[in-house]
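Take a look at the structure below.
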2 protein chains.
Amino acid sequence: MRVYSFYERASRVFNEYPSLSKLLVLFTASGGGIVAFSDAKPFQNVYANSQGNTQRKKVVVLGTGWAGISFLKSLKSSSYDVQVVSPRNYFAFTPLLPSVTCGTVEARSIVEPVRKITEKKGSNIQFEEAECYKIDAKNKKVYCRSSQDTNLGGREEFSFDYDYLVIAMGGRSNTFNTPGVVEYAHFLKEVEDAQRIRQTVVDIFERASLPSLSEEEKKRILNFVVVGGGPTGVEFAAELHDFVHEDLSRLYPTVKDYVKITLLEAGDHILNMFDKRITDFAESKFQRDGIDVKTGSMVVKVSEKEISTKERGTGKVVSIPYGMVLWSTGIGPRPEIVDFMKQIGQTNRRAIATDEWLRVEGFGNIYALGDCATVNQRKVMEDIAVIFSKADKEKSGTLDLKEFQEVVDDVIERYPQVEIYLKKKQMKNISALLMKSQENSQKPIVVDIETFKSALSEVDSQMKNLPATAQVAAQQGAYLANCFNRMEECENYPEGPLRFRGTGRHRFRPFRYKHFGQFAPLGGEQTAAQLPGDFVSIGYSTQWLWYSIYASKLVSWRTRVLVVSDWGRRFIFGRDSSRI
Amino acid sequence: MRVYSFYERASRVFNEYPSLSKLLVLFTASGGGIVAFSDAKPFQNVYANSQGNTQRKKVVVLGTGWAGISFLKSLKSSSYDVQVVSPRNYFAFTPLLPSVTCGTVEARSIVEPVRKITEKKGSNIQFEEAECYKIDAKNKKVYCRSSQDTNLGGREEFSFDYDYLVIAMGGRSNTFNTPGVVEYAHFLKEVEDAQRIRQTVVDIFERASLPSLSEEEKKRILNFVVVGGGPTGVEFAAELHDFVHEDLSRLYPTVKDYVKITLLEAGDHILNMFDKRITDFAESKFQRDGIDVKTGSMVVKVSEKEISTKERGTGKVVSIPYGMVLWSTGIGPRPEIVDFMKQIGQTNRRAIATDEWLRVEGFGNIYALGDCATVNQRKVMEDIAVIFSKADKEKSGTLDLKEFQEVVDDVIERYPQVEIYLKKKQMKNISALLMKSQENSQKPIVVDIETFKSALSEVDSQMKNLPATAQVAAQQGAYLANCFNRMEECENYPEGPLRFRGTGRHRFRPFRYKHFGQFAPLGGEQTAAQLPGDFVSIGYSTQWLWYSIYASKLVSWRTRVLVVSDWGRRFIFGRDSSRI
């Protein structure tokens, strides 16, 4: 088939020049919250599971975002019957959503049908466009219904049984229950959101051009308010500024002087998860651009024509007339996930808690990943006694260096906070940590449980929740698929660390997140990037790095070609302002 | 500015190789009814009207479709203040709408913002995105209101005075008051219609794949019914067939065998305005493709899940279960046009009647063109007495050849049906017609009024209404703009034919439609074309002719590049089936 032959030919180029792919496949950021990417093949020597004609296990995957699609792309599906359920029949490259809001990139250029992705995996993967409204963990069943609301008939309902369940349903915009947000604000989470924003921006410019509008009303509707100074809000403000100044101001000369962009941030600085150099650069660039950045402003209410903020400095509530509000203050859990968490006794949480193997706590056959989940890293101090007794093979009550070294790799693998702590304290290995806790560091190392405890007492302070980004989700999906691919193999030859609280070893290595850095596009062909190792890069060349990495990380050759030609089209012809 | 420099560079290529442009700029067809195109510069020697600093006349243009945009593009606006009002802030290349329904071409590739088009004409042209809801011909005023329905505030209303009014508001789909059509059927008149159809097609395939659907229900929702065997309906059926067989069948293997496309036509044949060879080819191709063509089927009712037709053969009413209906049976007048026609006493008509100079009958300063208007060609027989007396300078009661030849060009120009009649009868000129009416053709020609009448008695039978096509609308727009451009010049030096019922000459030549032929794409890379002179071309090469002509006729270089790259993208990657 012509599609495949082209795809394969193009893939071959990349495979024959692996350096080319490495050059491009680096890392990246921004989108629905902070996002970034994993290389889809973290493990190289993957075995095919050859169960032959035995009964295949049924895997149900909920969601086709970064986590779900990354799982599906890496899964060798021949050993499973896979059922995918998602209310959207496509995968969207969310980091480019801010570009879609102003037509820098077209919506259709950043989406790829799920069926096109699964088709390549053979006939064991089925997809249904539906939303899962209930998970019955007791009976291993998920209940779904069609997400269509058309005149084709009533809503279809059906259910699936599963052996393994992969929950990758993502999150939704968090309004913090601020009144009026759902009614009047725009979000930037889905492709439809971006399309609606684009139409609204053009609507506002057309409306502001009408002869019957008062000056005051013009000023009001041309005030674009962005709530949230994270990467999404900042990128949208920058995109909008470029759209207005590069394209719209020429076509709407009578209204361009009324345009105002206001960015509200509750904290002290925008982009506060980035290095201070980036924050400073962004704030001064926005000041030069005329984007009004108001920090210390917490939105308390949105009404039809005004947005009210409480200023931290004065404690006063101020009302700002607006024409459009974009709400981008991070994500919260979806209602179905809240239901499920209640069912399994995980109340008072903002995401499903899993262990380090991405298994939902208490369930060996349910996995949760991406924005709807959070990895609950086990504390060293909770296990300190069992670690000590496991290491103390002679049951002498003390550990010598040899005993200790036999378990040190397992400890580091099981408790990644140890390694982070060591790095932070610039120590070479745990021995150094132990030696430090001994008063006379010339003695051969022999530690008792109390010394061991005090040496490791601070490592748990290094535990951090993973950010809700595409980068994390994609790495989790690929990790989990790799586990599924080697389920049988690793059953016989476990590769994980020692079970300190049990016998033998864990079947798999626990999930370990590798941070590749992140981008913050700032408009005017300038981007800031925070790379691993505190390396910061800002400016025009970083924008080109951004272009090349985003192009390389797109999900298919079709989207790659389309996005790159969209960029070219924008350079030559500008952005389209037709209201469609 | 970079946009312009690119545009100008590209234009220069075409200007330096005029033959290239002639090669491409030929003719063409299909779309919202039958459509086709005019060369935008029918007159070569256009004078600029140099009114200097005298008061400019105010021209209000209603509508930005083919007629309105063609008028604006050809108008030398320096002598007028032009106010354009349209509910859409873009021009859409409607002949490609059927391609948009299945994603062969993207919606955004066929639209161009009106402001981009008018911007090039200088600051005398203003645009408002609004709909005109009332024309007050007595007070020379149009009343408009914003077409936006958002939360930006109430609907703005305002009015404009005019010296000249150009009505180019188009038509709307004609339902013939068939019950249920508005509620349940899709139309294909606007860009939004095409986008909705595309979503609906994908929705249907996703829904049909759900496990809970019965066989019968699957069959029902996968029956796509097209009502109307004109070029739009036929092209949509062909596009849909290609979409299903080239793209969807691979992605939806479990449902592809249930798909059915039914084409209902009330007449005896589809494409009945085309040559019989084209009709035959289309019908047999559709039969091979499995498209069920039902002729003699008149739709009497559409309900939620069934469409009822009356079969002419049996007189019985048959009900067909369906999933989607496309209604494409031609166009009727918009409600505002009906109102205006009542106001000026033109009831019982389907479009505003104008004279041959596109002036609304009874108004010297209101013009109507495109689908909302129809040219009321004056009959020769109504004027036969005044023509005779005008020609009979000596008042002898008879015309000799010399007298006759002095008026013959004016007669032919004023009454185009004369020329058509001569062509049809294969006569060289009117003399031959007169000679034929004389018994003894050897005598020198001298005719009295009775002979003159009988000679011309049949010519009026050749009068035909112009079709409601893009080709007609575009030619009318360009014609009218040319009249406006030379208003002053032709006031002093009238170029039109003799006024038979008055003195002097008409200011302008009357509008004369030049038919360049039309296309009917039939799917599978095959197209039929009916060219002037009964020349018929069918097949793959005609498809390439279609590609090149459509590409050349697109309104801007941006749309040209986008449409051509859309075609390329489709060849390489297929059509996208993401539901956005």
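For region B:232-266, the set of residues classified as among the small types (G, A, S) and surrounded by fewer than 22 Cβ atoms within 10 Å (Cβ to Cβ) consists of B:S249, B:A266, listed by residue number. Out of B:V201, B:V226, B:V191, one residue alone is over 30 Å from B:V472 (Cβ atoms) and modelled with pLDDT of 95 or more. It is B:V201. Selection within region B:353-411: residues that are assigned to a strand (DSSP E or B) and modelled with pLDDT under 90. The member of this set that is surrounded by the most Cβ atoms within 10 Å (Cβ to Cβ) is B:L399.
For region A:447-457, indicate whether the set of residues that are assigned to a strand (DSSP E or B) and not small (G, A, S) is non-empty. Scanning region A:447-457 turns up at least one residue that is assigned to a strand (DSSP E or B) and not small (G, A, S). Only one of the numbered conditions (1) open to solvent by 30 Å² or more (accessible area, probe 1.4 Å); (2) within 9 Å of chain A (Cβ to nearest Cβ); (3) out of contact with any Asp or Glu (no Cβ under 8 Å at 6 or more places or on another chain) is violated by B:I204, and that is (1).
The number of residues in region A:314-373 that are closer than 30 Å to A:T101 by Cα and of a type in the set (D, E, K, R) comes to 4. In this structure, A:T559 does satisfy being β-branched (V, I, T) and closer than 30 Å to B:D566 by Cβ.
When region B:83-131 is limited to residues that are more than 21 Å from the chain's Cα centre (by Cα), polar (S, T, N, Q) and over 20 Å from A:F205 (Cβ atoms), the one that is least open to solvent (accessible area, probe 1.4 Å) turns out to be B:T104.
Let me confirm something: among A:S284, A:S319, A:S328, which residue is more than 14 Å from every other protein chain (Cβ to nearest Cβ) and touching a helix residue (DSSP H, G or I) at 6+ places or on another chain (Cβ under 6 Å)?
A:S328
Looking only at residues in region B:528-538 that are surrounded by 15 or more Cβ atoms within 10 Å (Cβ to Cβ) and in contact (Cβ under 8 Å) with a residue 12 or more places away in the chain, the one that is nearest to B:I270 (Cα to Cα) is B:A528. Among the residues of region B:486-518, those that are of a type in the set (D, E) and open to solvent by 80 Å² or more (accessible area, probe 1.4 Å) comprise B:E488, B:E491. Listed conditions (1) within 14 Å of another protein chain (Cβ to nearest Cβ); (2) open to solvent by less than 20 Å² (accessible area, probe 1.4 Å); (3) not aliphatic (A, V, I, L, M) are all met by A:G296, apart from (1).
All of A:R350, A:R334 fail the test of being of a type in the set (K, R) and touching a residue at least 40 places away in the same chain (Cβ under 8 Å), apart from A:R334.
A residue that is without any contact (Cβ under 8 Å) to a residue 12 or more places away in the chain, open to solvent by 10 Å² or more (accessible area, probe 1.4 Å) and not assigned by TED's automatic domain parsing to the domain that holds A:V234 cannot be found anywhere in region A:309-326.
Just checking, does region A:132-139 include any residue being surrounded by fewer than 20 Cβ atoms within 10 Å (Cβ to Cβ) and within 13 Å of another protein chain (Cβ to nearest Cβ)? Checked region A:132-139: no residue is surrounded by fewer than 20 Cβ atoms within 10 Å (Cβ to Cβ) and within 13 Å of another protein chain (Cβ to nearest Cβ).
When each of B:T309, B:T329 is tested for being in contact with a strand residue (DSSP E or B) (Cβ under 9 Å, 6 or more places away or on another chain) and either farther than 29 Å from B:H245 by Cβ or outside any strand (DSSP E or B) (or both), the lone residue that passes is B:T329. The criterion of being farther than 27 Å from B:E106 by Cα and under 25 Å from the mean Cα position of the chain (by Cα) holds for B:D275.
Among the residues of this structure, A:R115 counts as one that is part of a helix (DSSP H, G or I), among the basic types (K, R), under 27 Å from B:S577 (Cβ atoms) and within 8 Å of another protein chain (Cβ to nearest Cβ). I need the full set of residues from region A:246-260 which are within 14 Å of another protein chain (Cβ to nearest Cβ), touching a residue at least 24 places away in the same chain (Cβ under 8 Å) and closer than 27 Å to A:P95 by Cα, in order please. Matches in region A:246-260: A:E246, A:D247, A:L248.
Matching residues to (1) modelled with pLDDT under 90; (2) of a type outside the set (A, V, I, L, M, F, W, C):
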position: B:N482; (1), (2): no, yes
position: B:E489; (1), (2): no, yes
position: B:Y493; (1), (2): no, yes
position: B:R507; (1), (2): no, yes
position: B:L531; (1), (2): yes, no
position: B:K553; (1), (2): yes, yes
position: B:R560; (1), (2): no, yes
position: B:G574; (1), (2): no, yes
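Residue check: is B:Y367 within 24 Å of the chain's Cα centre (by Cα) and among the aromatic types (F, W, Y)?
Here the answer is yes, as B:Y367 does meet what is asked.
The values are calculated or read from the model by the stated rules, or taken from the named source; none is laboratory data. Only a predicted model underlies this, so the values are computations on that prediction, with no experimental measurement involved. Cβ sites come from the backbone with ideal geometry, for glycine too, and all protein chains shown count toward neighbours. Accessible surface areas use protein heavy atoms only, side chains included; no ligands, DNA or RNA. Shrake-Rupley method; radii C 1.70, N 1.55, O 1.52, S 1.80 Å.
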